[in-house]
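The values are calculated or read from the model by the stated rules, or taken from the named source; none is laboratory data. Treat the numbers as computed from the prediction; the structure is a model and nothing was measured. Cβ placement follows ideal geometry from the backbone for every residue including glycine, while neighbour counts extend to all protein chains displayed. To get the accessible areas, we keep the full protein, side chains included, count just its heavy atoms, and leave off ligands, DNA and RNA. Shrake-Rupley method; radii C 1.70, N 1.55, O 1.52, S 1.80 Å.
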Amino acid sequence: MPPLSALRECLTIQADEAPQSFLARLFGVHPIAREARRSFSGALAELAVTESLSALGSEWTVVHSVPVAGPRQDDHRLVDHRLVEHRLVEHRVIDHLVIGPAGIFTLSVESHAGQALWVGERTFIADGERLDHLARADETGRAVTRLLGSALAAAGVALELVVTPCVIVDAPATLEVRQRPGRIQVVTARSFAVWLTGLPRLISPAVVDEVVAVAVAASSWPSSPLDDPDTTGADAHERRAEFERLRRRVSSARFRRLLWTGLGVVVSYGTVIVTLGSATALELTSALGG
């Protein structure tokens, strides 16, 4: 199962939240703690991508939570009276690595539900805010190309890799790709599987098998093993079930708020009609009395 880190974070924060009162539930107060709402949105994005990936056929292999290392900054140290430059490295994890007949794809999942997105050659803007999604996707794509290429070479597989970095966005209000950002693809979570399976075949099944065999080996990557015990077994399924219960509470609260809002509108219109009717009756009575 995929790691679903935002889902775990959301449930962890929500566990410290006091149960809602009867009145809060009755009036549809949002059940998610304010501190957990960002991770709740991220969890929805993770689940949307997971559902999209599950729609891929048997020709495709998905490796979740792939550890890669990328440059962070330069560190200059004095060694034997000489200034030596060291490259500090931070460990990063790619959400998903997808391998199939159309090639190799790195997936970075970003939650932008309800936002207006604009993408240019080097620019990603969400509701007017410039974000670094493209730069980070490009960096992780290059890291996978380097690391996977080295692992394939060590396994005796001669192959020129082409890795396509993808930024996967969940449920944006609008997505305008004005100019494609180089080799990076920006795709919605709901349309990703259809987009991917519609691409032309570039790799033979035999080559796909060779790449998959190397990609699933933990020794191909620089950090922790690919298999996270926290993402397997009954605990992971229980977390999914707990989150589904939480999502149903959110939907129920939203329905109650809409119900109360609609009731308020009806009462307001009713009050206006009664007021106008009373005024008209008084005017009619006054006219008849005159």
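Ordering 58, 41 by how much accessible area each has at a 1.4 Å probe, largest first, what is the list?
Descending accessible area places them as 58, 41.
Label residue 269 and residue 177 with points 7 Å out from Cα along Cα→Cβ: what is the distance between them in nm?
4.3 nm
Would you please state which residues of the range 95-137 a label at residue 258 would reach in this model, taking the label point 7 Å out along Cα→Cβ and a backbone N cut-off of under 17 Å?
Correct set: 114.
Simple spin-label model, 7 Å along Cα-to-Cβ: residue 250 to residue 129 in nm?
The modelled label-to-label distance comes out at 1.7 nm.
Could you please put 105, 255 in sequence from largest to smallest accessible area, using a 1.4 Å probe?
Accessible-area ranking of 105, 255, largest first: 255, 105.
Please arrange 118, 221 by accessible surface area, largest first, computed with a 1.4 Å probe and ligands excluded.
Correct descending sequence by accessible area is 118, 221.
For residue 17, what accessible area in Å² do you get when you roll a 1.4 Å probe over the heavy atoms of the protein chains, rounding to the nearest 10?
That residue has around 90 Å² of solvent-accessible surface.
Ignoring ligands and nucleic acids, what accessible area does residue 112 show with a 1.4 Å probe (Å², nearest 10)?
Probe radius 1.4 Å; accessible area of residue 112 about 10 Å².
With all protein chains present, calculate the accessible area of residue 210 using a 1.4 Å probe and round the result to the nearest 10 Å².
Using a 1.4 Å probe on the heavy atoms, I get roughly 80 Å².
When you have a sec, figure out the Kirkwood radius of the range 96-164 from all distinct Cα pair distances and drop it here in Å to one decimal?
About 13.9 Å, per the Kirkwood formula over Cα pairs.
Over the range 162-222, with every protein chain in place, what whole percent of the accessible area is carbon and sulfur at 1.4 Å, could you tell me?
So the carbon and sulfur contribution to the accessible surface is 58 percent.
Considering Cα pairs under 8 angstrom that are at least six residues apart, work out the relative contact order of the range 83-193 and quote it in whole percent.
32 percent
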